[in-house]
Amino acid sequence: MLIVQKYGGTSVGSVERIQAVAQRVYKTVKAGNSVVVVVSAMGKTTDGLVKLAAEISKNPCRREMDMLLSTGEQVSIALVSMALQELGQPAISLTGAQVGIVTEAEHTRARILHIETERIKKHLQQGKVVVVAGFQGISSTPDARSAASPREEWEITTLGRGGSDTSAVALAAALEANFCEIYTDVPGILTTDPRLVPEAQLMSEITCDEMLELASLGAKVLHPRAVEIARNFGVPLVVRSSWTEDPGTWVTSPPVKQRPLVNLEIARPVDDVQFDTNQAKIALLRVPDRPGVAARLFGEIARQDVDVDLIIQSIHEGNTNDIAFTVMTPILKKAEAVAAAIAPVLRTQKDAQTQQAEVIVQQDIAKVSIVGAGMIGRPGVAAKMFASLAQAGVNIQMISTSEIKVSCVINACECDRAVAALRQAFEIESSPTTSSAGATTLPEAAKSASTSPPVRGVALDMNQARLAIRQVPDRVGMAAKLFGLLAENNISVDMIIQSQRCHIINKIPRRDIAFTVSRADAQQAKELLQQAAGEHDWGEVIVDPAIAKVSIVGAGMVGHPGVAAKMFEALAQHQINIQMIATSEIKISCVVAQQEGVKALQVIHATFGLAGSKKFIVPA
């Protein structure tokens with residue numbers, strides 16, 4: 001078998017650890033395998049190099065930063081290769097450039113275009129272990145890959161965060177390895193961040209879709225870019241501890257169509273366009289903005305065995321907010337009756353001045369979605385979806401997002417037009433798996449729902465800020481303009497919520513739109529939107545950096561009506577107010593106050609019985 005093994009910085013952080021890695025690799029070879037090893041820089045080497053650069057320059061040139069940072073891995077690969085040779089195992093160390101990892105000409109954050117595997121294969125055939133520097137590659141002009149190209153056109157690049165994981169899985173894909181092992185300082189993928197919940201349990205396996213939805217998982221043992229390549233090219237992945245012989249966690253991929261190994265990381269970001277015309281929407285307007293309201297509503301819905309698809313809760317307006325959800329048309333009457341019965345109960349004496357929640361039902365809607373592992377961290381994907389719908393004259397009524405899916409609720413009569421526009425925009429051929437009868441293809445994770453637990457893991461993201469734009473005109477093209485502006489400035493958006501309450505101002509119907517971005521991008525996003533507000537007739541732009549996003553992920557929640565209610569009830573019991581809700585088939589995310597983020601994670605993890613008896617200590 002051909003195996004690619006990747007070792008992180010802590011795994012090669014000292015001479016003793018490098019020797020232990022060499023022993024493990026040697027043992028793998030002696031078992032009859034060919035091995036390619038990808039290593040990171042030793043311990044905190046990269047941090048030290050960044051500090052040195054900062055002492056020289058406050059704003060160092062990105063090209064020179066790549067030249068500097070790429071040296072860290074060169075130390076590691078040479079030492080690992082020496083350690084193997086000391087054991088009598090032939091080995092050779094190669095930089096990213098020597099291997100032929102060709103990237104975009106984008107310093108400090110390049111993506112892999114393709115890998116020239118001839119040199120690695122030659123060394124493997126000679127019985128050598130090939131030790132490769134992760135995190136780096138070489139870029140060139142379009143002609144620089146030819147033999148006649150002048151070498152001065154070649155540039156060392158680094159791949160940015162998660163680069164070593166990414167290059168390891170890319171090598172496994174290019175070499176058609178049997179599998180890729182990612183060695184780290186935790187025993188595998190845990191149900192949550194063990195630094196926040198020491199009793200987090202180890203998972204024996206998880207699907208790529210579930211892993212991508214857990215992209216913000218605190219332990220960050222596997223970067224989404226690596227998972228994306230594994231999913232696109234069907235590379236079996238296993239995450240294991242460098243310190244034990246435990247089996248670790250397998251990350252499984254669905255069967256994939258053969259695809260060319262060119263533009264490896266910049267292949268099209270969307271795999272499929274899905275739609276469902278068998279849906280109806282129920283919105284409760286002006287529900288009290290306090291802990292327990294969502295729990296009470298969806299608790300009753302679960303008790304009546306009503307299965308809900310999309311759920312969104314918009315930002316508060318005054319002391320109330322709106323909650324909307326979609327259900328399959330056959331159970332609409334039942335869902336409507338539950339909503340109508342619960343609406344008056346949601347008020348208490350404290351809410352005496354509040355108008356009773358209004359229940360609005362809308363049939364003849366459709367849900368259209370774009371799905372793909374490649375949309376993570378690519379700001380233009382959602383914007384392109386909204387622009388395509390705008391050009392087709394399709395107005396968006398609801399938006400719900402996750403790491404691998406963006407869904408919009410539209411009028412059913414516009415579904416065919418919307419799907420055709422999206423397929424053309426993202427170059428997706430018509431597929432028999434997405435029928436207008438509502439047989440929407442579920443993610444590959446959801447296909448194992450009958451055997452999977454409802455919730456596999458809980459994730460917490462403490463690095464986001466929320467922006468809200470008040471009084472956005474409710475007309476075709478507004479979302480495209482708004483998110484297109486952010487995409488042009490390379491600002492990635494995570495959760496997107498469009499309020500259901502409509503205000504008529506100057507004879508124009510208007511709604512609020514709220515979304516989350518990285519906290520580092522929040523101020524720039526606010527300034528861009530404020531500058532554009534006059535041109536597009538938007539209202540006030542508000543930023544709240546003091547938020548946290550807590551999410552549950554699991555293929556097994558498909559067809560289990562009570563999962564959302566259980567999550568909301570756990571938060572309500574601890575008086576944690578939910579500020580926003582967004583869902584996909586296998587993920588439910590809630591925005592809460594920043595100071596309540598860790599507590600929210602811990603109570604949800606406990607509620608779903610994910611804690612084990614063993615405590616995991618993450619090495620320093």
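The values are calculated or read from the model by the stated rules, or taken from the named source; none is laboratory data. Keep in mind it's a predicted model, so treat the numbers as computed, not measured. As a convention, Cβ positions derive from the backbone with ideal geometry for all residues, glycine included, and neighbour counts pool all protein chains shown.
Points worth noting:
- Residues in the range 221-243 that are outside any loop (DSSP other than H, G, I, E, B) and more than 23 Å from SER369 (Cα to Cα) were compared, and the one that is farthest from the chain's Cα centre (by Cα) is SER241.
- Residues of the range 244-303 classified as of a type in the set (D, E, K, R) and part of a strand (DSSP E or B), total: 4
- The lone criterion from (1) assigned to a helix (DSSP H, G or I); (2) within 19 Å of the chain's Cα centre (by Cα); (3) under 25 Å from ARG286 (Cβ atoms) left unmet by GLU596 is number (2).
- Considered as a group, the residues in the range 304-320 that are of a type in the set (A, V, I, L, M, F, W, C) and in a strand (DSSP E or B) include one that is farthest from the chain's Cα centre (by Cα), and that residue is VAL308.
- Of the strands (runs of 3 or more DSSP E) that lie entirely inside the range 81-121, those containing 1 or more residues that are among the small types (Gly, Ala, Ser) span 91-94.
- In the set (1) outside any helix (DSSP H, G or I); (2) of a type in the set (D, E, K, R); (3) at pLDDT below 95, the condition left unmet by GLU181 is number (3).
- Residue in the range 576-593 that is of a type in the set (Val, Ile, Thr), over 22 Å from the mean Cα position of the chain (by Cα) and in the same structural domain as ASP322 (by TED's automatic domain parsing) present: yes
- Single residue of THR46, THR28 found to be modelled with pLDDT under 95 and either of a type in the set (Ser, Thr, Tyr) or not assigned by TED's automatic domain parsing to the domain that holds ALA226 (or both): THR46
- Taken as a whole, the range 50-65 holds no residue that is outside any loop (DSSP other than H, G, I, E, B), crowded, with 19+ Cβ neighbours inside 10 Å and in the same structural domain as GLY163 (by TED's automatic domain parsing).
- Residue tally, condition free of Cβ contacts under 8 Å to residues at least 40 places away in the same chain, in a loop (DSSP other than H, G, I, E, B), touching a helix residue (DSSP H, G or I) at 6+ places or on another chain (Cβ under 9 Å) and small (Gly, Ala, Ser), over the range 14-49: 1
- Residue selection: ILE323 satisfies the criterion of being farther than 30 Å from ARG24 by Cα, buried (at least 23 other Cβ atoms within 10 Å of the Cβ) and more than 23 Å from the chain's Cα centre (by Cα).
- Within the range 451-465, the set of residues being in contact with an Asp or Glu (Cβ under 8 Å, 6 or more places away or on another chain) and part of a loop (DSSP other than H, G, I, E, B) comprises just one member, ARG456.
- Which numbered condition ASN232 misses (of (1) under 26 Å from THR401 (Cα atoms); (2) among the polar types (S, T, N, Q); (3) at pLDDT 90 or above): (3)
Residue by residue, here is whether (1) touching a residue at least 60 places away in the same chain (Cβ under 8 Å); (2) not hydroxyl-bearing (Ser, Thr, Tyr) holds:
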site: ARG231; (1), (2): yes, yes
site: SER241; (1), (2): no, no
site: THR249; (1), (2): yes, no
site: THR252; (1), (2): no, no
site: LEU264; (1), (2): yes, yes
site: PHE275; (1), (2): yes, yes
site: ILE312; (1), (2): yes, yes
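- Qualifying residue in the range 30-41 (condition: more than 27 Å from TRP154 (Cβ to Cβ), of a type in the set (A, V, I, L, M, F, W, C) and surrounded by fewer than 21 Cβ atoms within 10 Å (Cβ to Cβ)): yes
- Selected residue [surrounded by fewer than 17 Cβ atoms within 10 Å (Cβ to Cβ), at pLDDT 90 or above and not in a loop (DSSP other than H, G, I, E, B)] from GLN531, GLN575: GLN531
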